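S.K.: Please find one structure pasted underneath; my questions will follow.
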Amino acid sequence: KNRIAVMTSGGDSPGMNGCVRAVVRKSLAQGCESYCIYEGYEGLVRGGDLIKQMRWEDVRGLLSEGGTSIGTARCKAFTERPGRLKAAKNMIDKGINALIICGGDGSLTGADTFRGEWPGLLEELVSSGEITPEQRNEFQHLNIVGLVGSIDNDFADTDATIGCYSSLARICESVDSIDATASSHQRAFVIEVMGRHCGWLALMAGVSTGADFIFIPENPPAQNWEDQMCGIIKKHREFGKRKTIVIVAEGAIDSELKQISPTQVKDLLSNRLKLDTRITTLGHVQRGGTPCAYDRQLSTLQGVEAVMAVLDATPETPSKFIAIIENKIIRSPLIEAVALTQEVAKAIAAKDFKRAMDLRGPEFAE
Ligand code: F6P
């Protein structure tokens with residue numbers, strides 16, 4: 001009998017709960033046993049009460065809840081082999097032979113490493129007498145499927161990560177709220193948004209709210225960006241615009257790869273353009289709250305597909321993640337997408353910004 005466990009890992013994102021609900025219910029509907037691993041990889045390493053068998057009703061009401069109700073953590077122990085050995089033992093104790101992880105690229109890469117090491121880990125557990133040779137034979141293959149949960153939308157080979165549209169909507173609502181004061185007082189606001197090394201949230205928020213200027217890591221501004229930005233904003237003001245909104249991605253850099261800070265932008269607007277300027281850092285407000293309809297749908301469809309991918313997998317199947325491309329939910333090789341995701345950072349470090357933009361996808365080019 002298949003025993004499928006689901007876990008959330010890395011930063012929480014709206015829609016992770018929808019994944020948990022869909023995986024649990026689809027597993028049960030397919031006649032499998034379902035388990036939740038609480039607190040991410042921490043739970044896998046610590047085992048015990050942190051690995052719980054789930055019933056249909058245990059995930060009731062989760063679809064509309066933000067964050068992840070089964071918890072998440074950044075776990076150092078799992079990055080080291082002894083931690084992974086404990087994790088393997090805990091899984092075998094519970095009879096779990098498949099793991100579905102909803103998390104970012106780091107969490108999904110960790111899962112694939114675990115799968116690669118699995119036969120060696122089992123041998124070690126047999127040698128130390130922690131599992132029997134029969135158990136090793138029964139649990140020979142570990143099945144891994146990834147779901148990409150992150151507000152950053154920074155994963156290659158999928159159009160959207162679970163949570164990015166909820167976060168984008170929340171950023172837009174926040175900018176709309178700031179607009180009231182900006183227009184009333186004719187102020188300028190420099191708004192910092194999250195995204196780690198990815199500018200998707202900043203770019204899409206800027207387009208969606210009609211921002212005056214946007215800073216993202218993949219396409220740093222021209223060398224004379226101070227003159228350029230001030231020129232544009234001055235022109236907008238001359239056209240009668242009463243407010244100024246500049247969006248800065250938290251990973252924004254200039255063409256020399258130096259970080260662009262909201263304070264630097266604020267000082268420029270205050271000193272050169274004499275605008276009454278404030279900084280708003282949206283912070284974790286943009287990661288919380290209820291998931292939008294799109295993330296509820298995406299997490300449900302992808303959670304269901306993840307269970308089907310587990311049931312269809314053979315020992316030879318490379319680890320998969322569930323993507324959405326042009327509105328189709330598909331299974332894609334995990335490791336290629338992770339490698340492609342890392343290419344963006346390499347392109348930026350090499351100052352090949354055109355390649356960085358191309359790798360991010362068509363929305364960036366447009
Ligand atoms: O990956 C999601 C994210 O919110 C990033 O946008 C941000 O850089 C990071 O996590 C913040 O992490 P933490 O909540 O651990 O400070």
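The values are calculated or read from the model by the stated rules, or taken from the named source; none is laboratory data. Quick caveat: nothing in here was measured; it's all calculated off a predicted structure. For neighbour counting, all protein chains shown are included, and Cβ atoms are generated from backbone atoms with ideal geometry for every residue, glycine included. To get the accessible areas, we keep the full protein, side chains included, count just its heavy atoms, and leave off ligands, DNA and RNA. Shrake-Rupley method; radii C 1.70, N 1.55, O 1.52, S 1.80 Å.
S.K.: Does Glu57 satisfy the criteria of being out of contact with any helix residue (DSSP H, G or I) (no Cβ under 8 Å at 6 or more places or on another chain) and over 20 Å from Lys94 (Cα atoms)?
M.R.: Against the criterion (out of contact with any helix residue (DSSP H, G or I) (no Cβ under 8 Å at 6 or more places or on another chain) and over 20 Å from Lys94 (Cα atoms)), Glu57 qualifies.
S.K.: Please state which of the following conditions Ala249 fails to meet, knowing it meets all the rest: (1) within 16 Å of the ligand (Cβ to nearest atom); (2) open to solvent by 50 Å² or more (accessible area, probe 1.4 Å); (3) in contact with a helix residue (DSSP H, G or I) (Cβ under 7 Å, 6 or more places away or on another chain).
M.R.: Failing condition for Ala249: (2).
S.K.: Restricting attention to the range 139-155, and to residues there that are within 15 Å of the ligand (Cβ to nearest atom) and over 18 Å from Val307 (Cβ atoms), which single residue is most open to solvent (accessible area, probe 1.4 Å)?
M.R.: Once the filter is applied, the top-ranked residue is Asp154.
S.K.: Please give the number of the condition Ala180 fails out of (1) open to solvent by 10 Å² or more (accessible area, probe 1.4 Å); (2) within 16 Å of the ligand (Cβ to nearest atom).
M.R.: For Ala180, the exception is condition (2).
S.K.: Something else about it: Taking the range 343-358 as the search range and keeping residues that are more than 17 Å from Lys258 (Cα to Cα) and without any contact (Cβ under 8 Å) to a residue 24 or more places away in the chain, which one is most open to solvent (accessible area, probe 1.4 Å)?
M.R.: Looking at residues that are more than 17 Å from Lys258 (Cα to Cα) and without any contact (Cβ under 8 Å) to a residue 24 or more places away in the chain, I get Lys354.
S.K.: Shifting gears a bit: Those residues that are touching a Leu at 6+ places or on another chain (Cβ under 8 Å) and away from the ligand (no atom under 14 Å from the Cβ), I need them from the range 203-217; list them, please. Break it down into steps so the answer makes sense when it comes.
M.R.: Kept after step one, since they are touching a Leu at 6+ places or on another chain (Cβ under 8 Å), are these residues of the range 203-217: 204-205, 208, 214, 216.
The answer is Ser208, Ile214.
S.K.: Let me ask you something else. For Glu123, work out the one condition from (1) surrounded by fewer than 21 Cβ atoms within 10 Å (Cβ to Cβ); (2) under 27 Å from Asp12 (Cβ atoms) it doesn't fulfil.
M.R.: Only one criterion is unmet by Glu123, namely (2).
S.K.: Go through the range 156-177 and report how many residues are open to solvent by 60 Å² or more (accessible area, probe 1.4 Å) and among the small types (Gly, Ala, Ser).
M.R.: Result for the range 156-177: 1.
S.K.: Please indicate, with yes or no, whether at least one residue in the range 192-202 is open to solvent by 40 Å² or more (accessible area, probe 1.4 Å) and away from the ligand (no atom under 16 Å from the Cβ).
M.R.: Looking through the range 192-202, none of the residues is open to solvent by 40 Å² or more (accessible area, probe 1.4 Å) and away from the ligand (no atom under 16 Å from the Cβ).
S.K.: Here is a further query. With the requirement that a residue be in contact with a Phe, Trp or Tyr (Cβ under 8 Å, 6 or more places away or on another chain), among the β-branched types (Val, Ile, Thr) and away from the ligand (no atom under 11 Å from the Cβ), what does the range 156-171 give you?
M.R.: Within the range 156-171, just Thr158 meets the criteria.
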